[in-house]
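Enquirer: Please find one structure pasted underneath; my questions will follow.
Values in this text are rule-based calculations from the coordinates and carry no lab data. Everything quoted here is computed from the prediction, not taken from an experiment. So basically every Cβ, Gly included, is an ideal-geometry build from the backbone, and we count neighbours across all protein chains shown.
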Amino acid sequence: MSTTTQAVTAREPEIRCEGLVRVFASHGVEVQALQGLDLTIGAGELVAVVGASGSGKSTLLTILSGLDLPTAGRARVAGHDLTTMGARERLTFRRRSVGFVWQQTGRNLLPFLSAQENVEAVTAIARTTRRRERAARAVELLDLLGVADVRDERPARLSGGQQQRVAIAVALANEPRVLLADEPTGELDEAASVGVLEAMRTVNEARGVTTLVVTHDASVSSHVRRTVQIRDGRTSTEVLRSTHVDEHGREHTIAQEYAVLDRAGRLQLPAAFTEALDLRERVRLGLEPDHVTVRPDGRAPDRPASDDPPGDGARPDDEEPR
Ligand SMILES: Nc1ncnc2c1ncn2[C@@H]1O[C@H](COP(=O)(O)OP(=O)(O)OP(=O)(O)O)[C@@H](O)[C@H]1O
Ligand SMILES: [Mg+2]
């Protein structure tokens, strides 16, 4: 291993969740929104989170933003332990360490302030920027997100895509280490969505802010290097994309899908695999020099005795040693 690799692995990840559980009780029924979720994200990464409706994506982001607490498990974000921090640290964490963008464009911006005033208001409340510098810093951010030309407009006069880009500027105003966005393109058409995702990539690269973006849209993965899939409240698979240049100078993107292995050695097999080989209840594992095999149990499914093939009279019980 080179020393560079060692240095990178030794650095504390910017987001680390271990065995996160969140149980909601509503009308006497328990809903396990997160069921032991593990997730590690390094500083400066841009990661997409995908998953079916109800899989726990918003629950995860709400916990990471410090707005909600897990029922069990641990979560560290930007050097803060979310499960043990007190009220005062939580407030500072929410104001300075994380920025948040919601799906509903109307929820991100104050309607009676212009785009620029929306950004300035955040730094004024948190007192992170001196009064004289506020305007210049706001314009710089709006410029980075490609919406400096509409800085004097109120949200109602902006398109959905422009509103979300201003919302990202607002989320970044206090220079947080982590940017969390819950379906920021959910209300936008295809073209506007691409614009917003490209804007997020730009700020990720320009500012090095660790970014987690939740989306329903599977095509989003083509904009990011790493996509994490959540299934039933757990991270189940990840897709990593890398770009290679071949001997003719052509760029190729390679996408490789991985299953997520947790600290206890558990992994979730994709439904397509379990269905194709009818894997159920238990499987046979084998250790090979460089891989592990998973085989069907090999037993006939439970059926009434009359269904047994003729001639197959042997019963496992008869063979038991006494
Ligand atoms: N405050 C709450 N009270 C009760 N149940 C909740 C609450 N919040 C979420 N849930 C439940 O937890 C589960 C996960 O919800 P969550 O909103 O995290 O899913 P999601 O992946 O964000 O879905 P979507 O893609 O539809 O936004 C769902 O079954 C949901 O009904
Ligand atoms: Mg959601």
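Enquirer: Gain in length, residue 281 to residue 205, computed as 0.36 nm per residue apart minus the alpha-carbon separation, to one decimal in nm?
Expert: On the way: separation 76, 0.36 × 76 = 27.36 nm, distance 4.51 nm.
My answer for the length gained is 22.8 nm.
Enquirer: Moving to a separate point now. Which percentage, to the nearest 5, of the DSSP beta bridges contained in the chain is antiparallel?
Expert: Rounded to the nearest five, the antiparallel share is 70 percent.
Enquirer: When 1/r is averaged over all different Cα pairs and the result inverted, which Kirkwood radius in Å belongs to the chain? Mind showing how you got there, number by number?
Expert: Values: mean 1/r = 0.0443 Å⁻¹.
Computed over the chain, the radius equals 22.6 Å.
Enquirer: Based on DSSP loop calls and a cut-off of at most 11 other Cβ atoms within 10 Å, the longest stretch of the chain free of exposed GluC sites (Glu not before Pro) is what? Could the numbers behind the result be given before it?
Expert: Numbers: sites that count: 247, 281.
The longest such stretch corresponds to 1-246.
Enquirer: On to the next question. For segment 221-302, what number results from the quotient of the Cα radius of gyration and 2.2 N^0.38 Å? Display every interim value, and only then the final one.
Expert: Numbers: Rg = 16.9 Å, N = 82, 2.2 N^0.38 = 11.7 Å.
Dividing the Cα Rg of segment 221-302 by 2.2 N^0.38 Å gives 1.44.
Enquirer: Same structure again: Quickly work out the residue 74-to-residue 113 label distance, labels modelled 7 Å from Cα along the C-beta direction, and quote it in nm with one decimal.
Expert: The modelled label-to-label distance comes out at 3.7 nm.
Enquirer: What distance in nm separates the simple spin-label points at residue 273 and residue 254, each placed 7 Å from Cα in the Cβ direction?
Expert: Those two pseudo-labels are separated by 2.0 nm.
Enquirer: How far is helix 115-126 tilted, in degrees, relative to the longest principal axis of the Cα atoms in the chain, given as a value from 0 to 90 rounded to the nearest 10?
Expert: Relative to the chain, helix 115-126 is tipped by roughly 80 degrees.
Enquirer: Continuing with this model, one more query. Based on DSSP H runs of at least 4 residues, each adding -39500 (n - 2.57), what is the mean residue ellipticity at 222 nm of the chain after dividing by all its residues, to the nearest 500 deg cm²/dmol?
Expert: Values: 10 runs with 93 residues, N = 322.
Computed ellipticity for the chain at 222 nm equals -8500 deg cm²/dmol.
Enquirer: At 7 Å along the Cα-to-beta-carbon direction for both residue 130 and residue 266, put a label point, then send me their distance in nm to one decimal.
Expert: Simple spin-label model gives 5.4 nm for this pair.
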